[in-house]
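The values are calculated or read from the model by the stated rules, or taken from the named source; none is laboratory data. Keep in mind the model is a prediction, meaning the values are calculated, not measured. So basically every Cβ, Gly included, is an ideal-geometry build from the backbone, and we count neighbours across all protein chains shown. Quick note on the areas: whole protein, heavy atoms, side chains included, nothing else; ligands and nucleic acids left out. Shrake-Rupley method; radii C 1.70, N 1.55, O 1.52, S 1.80 Å.
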Amino acid sequence: MNYYSTKNKDLRKSFREAVIEGLPSDNGLFMPERIPQLPQDYFKNIQDKSIREIAFDVLKPFVEEDLKDDQLKNIIQKTFSFDFPLQKIKHNNYALELFHGPSYAFKDVGATFLALCLEEFYKDEQEKCTILVATSGDTGGAVAAAFSKVENIEVVILYPSGKVSELQEKQLTTFDENVKALEIEGDFDDCQQLVKQAFLDSDLRKKLNISSANSINVARFLPQMVYYFAPFIKFGNAPLTIAVPSGNYGNLTAGLIAQKMGLPVKQFVAGANRNDVVPRFLNSGNYEPKATIQTISNAMDVGNPSNFQRMIDLFSEEEIREKVKGYAFSDETTLEIMKKVFTKNNYLLDPHGAVGYLALMEFMKSSEGKGIVLETAHPCKFMDVVQKVTDKDILPDSAQSLIQKEKKSVKMKVDYEGFKEFLVG
Ligand SMILES: Cc1ncc(COP(=O)(O)O)c(C=O)c1O
Ligand SMILES: N[C@@H](CCOP(=O)(O)O)C(=O)O
């Protein structure tokens, strides 16, 4: 499988090249040149398959020229090392919990897969690689955990100062020497812009091998297709509505590709906070990025989502508006539903899952069947919000010890030259 740039379909790279480069030099995003189709009867016996078997079937066609079956199986075994339990919230509505990995967020799947691919690809290289990652809260922690102690790879994490939760910040700033944190005096879009500018800087790229660990990297983004299959292991070949709390839209786009491969998702529903550029597009047809607004679902505070480029590359505007329904909610409504679901259904949503659940409920007003919301982070990551819902101690022991650790970060203004100086020294 080759990968083209969304800005230039003639540019072709292998999986290995696309992963190592992270981002094409034309400011587009890499896309697989075709979407493989699963056999028609694949879902007949899906209940007999394990998530790792599914991961192998789904991912193999995207990587087979660069990873042998044994290598891929080994990477999958380490990546899919935790469960994705399905918890009933009420009636036909369930939460698919994606947060049982090392950093308590769904990003652990993509970050681990990417780290293991790069470790494999850099094994025989003499040179080192620097991973640049912009985070609004969760990607950074998952990437730090996945890349910590990986040889020949350095990680630089850019995060918006004062706009991530206490636990998220500790997950970014307490790792070993190969993981460095830059506290940017701006918002997530500023962090993402600095990273994208670095990829367009040919002088920097001559001096440093850089790659990305955001969902812009295909090896971060493609494995996110796999957990969409988990509810079908439980419910068989039933049409399901899946609600995705969304910010940079990598998760939803991975779901759309899984559907294109044959996954019988009946309807996708995107839940956004006040950063509602995509729901507005879905309702009006106008795509108008806006400055980021700070909310209690901070990891979704993205004003100009990267993966929108991929969505419009995959589908026409009409198709997207048909496949995805989008809704946006305020912090007040989000907190209200967290309280309601905790009191009435004894289920504690995190603020991101809560936005997804609100979107699911909105869509289900006029639809039937089973609905699944992706619970993308453990509520313990957002204690300041959760404390308004319950005083229960929900902090796992491993998180408790992290909170005690000392934060190590470098503060920096939104200044590309300063950032470049930091990178090349
Ligand atoms: C907890 C949580 N939920 C949802 C999202 C949104 O996912 P995406 O950026 O893939 O839309 C993020 C961040 O990306 C997140 O950390
Ligand atoms: N919500 C993300 C923002 C970056 O998203 P990514 O999936 O493109 O890495 C975060 O938590 O950092």
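Taking Lys and Arg as +1 and Asp and Glu as -1, the other residues whose beta-carbon sits under 9 Å from that of Y3 total 0. Charging the Cβ of each Asp and Glu at -1 and of each Lys and Arg at +1, and nothing else, the dipole of the stretch 346-425 about its Cα centre rounds to 140 debye. Computed with a 1.4 Å probe over protein heavy atoms only, the accessible area of T173 comes to about 0 Å². Phi angles of the stretch 269-282 translate, via the Karplus equation with coefficients 6.51, -1.76, 1.60 and θ = phi - 60°, into HN-Hα couplings of 10, 9, x, 10, 8, 5, 7, 10, 4, 6, x, 5, 4, 5 Hz per residue; Gly and Pro are given as x. For the stretch 85-425, the normalised intensity computed at q = 0.09, 0.11, 0.14 Å⁻¹ comes to -0.45, -0.68, -1.12 (log10 of I(q)/I(0), Debye sum over alpha carbons, equal scatterers, no solvent). Surface analysis of the chain yields an accessible area of 39 Å² per residue, using protein heavy atoms and a 1.4 Å probe. What's the local net charge at E183, with K and R +1, D and E -1, over the other residues with C-beta under 15 Å away? Around E183, the charge tally is 0. Report the antiparallel proportion of the DSSP beta bridges in the chain as a percent, rounded to a multiple of 5. Antiparallel: roughly 25 percent of the beta bridges in the chain.
Counting lysine pairs in the stretch 158-218 that sit 8 or more residues apart in sequence, or on different chains, and whose Cα atoms lie under 30 Å apart gives 9. Which Cα, out of G186, S215, S202, lies furthest along the positive dipole direction of the stretch 177-217 (beta carbon charges, K/R +1, D/E -1)? Highest projection toward the positive end goes to S202. Atom-type composition of the exposed protein surface of the stretch 85-425 places 45 percent of the accessible area on carbon and sulfur (1.4 angstrom probe).
Ranking of K339, K78 by solvent-accessible surface, largest first: K78, K339 (1.4 Å probe, protein heavy atoms only, all chains present).
With θ taken as phi - 60° and the Karplus curve 6.51 cos²θ - 1.76 cosθ + 1.60 applied, the whole-hertz 3J(HN,Hα) list for the stretch 336-348 is 4, 6, 4, 5, 5, 5, 5, 6, 7, 10, 6, 10, 9 Hz, x standing for glycine and proline.
Structural descriptor for the stretch 1-103: relative contact order 21 percent, calculated from alpha carbon pairs under 8 angstrom and at least 6 residues apart.
Only protein heavy atoms count here; under a 1.4 Å probe, R16 has an accessible surface of about 80 Å².
Solvent-accessible area of I337, all protein chains in place: 20 Å² (probe radius 1.4 Å, heavy atoms, ligands and nucleic acids excluded).
Evaluated at 37 °C with a viscosity of 0.692 mPa s, what Stokes-Einstein diffusion coefficient in µm²/s does the stretch 152-284 have when Rh comes from the Kirkwood expression over alpha-carbon pairs?
188
The mean sequence distance of close C-alpha pairs (under 8 Å, at least 6 residues apart), as a share of the length of the chain, puts its relative contact order at 20 percent. Charge tally for S212 (other residues, Cβ to Cβ under 12 Å; Lys, Arg +1; Asp, Glu -1): +1.
Using the charge dipole of the chain (Lys, Arg: +1 at Cβ; Asp, Glu: -1 at Cβ; taken about the Cα centre), state which of S306, Y122, F80 has its Cα farthest towards the positive end. Sorting the options by dipole projection puts first F80.
Residue ranking by accessible heavy-atom surface, 1.4 Å probe, largest first, among S165, S366 comes out as S366, S165. Taking each of K7/K420; K149/K381; K381/K408; K323/K370; K107/K290; K266/K344 in turn, the alpha-carbon distance tops 21 angstrom for K7/K420; K149/K381; K107/K290; K266/K344. Taking Cα centre as origin and charging only the Cβ of basic (Lys, Arg, +1) and acidic (Asp, Glu, -1) residues, the dipole magnitude of the chain rounds to 900 debye. A Cβ-based charge dipole, computed about the Cα centre of the stretch 83-137 with Lys and Arg at +1 and Asp and Glu at -1, lands at about 440 debye.
Restricted to Cα atoms, the stretch 29-182 shows a radius of gyration and a Dmax of 17.6, 56 angstrom.
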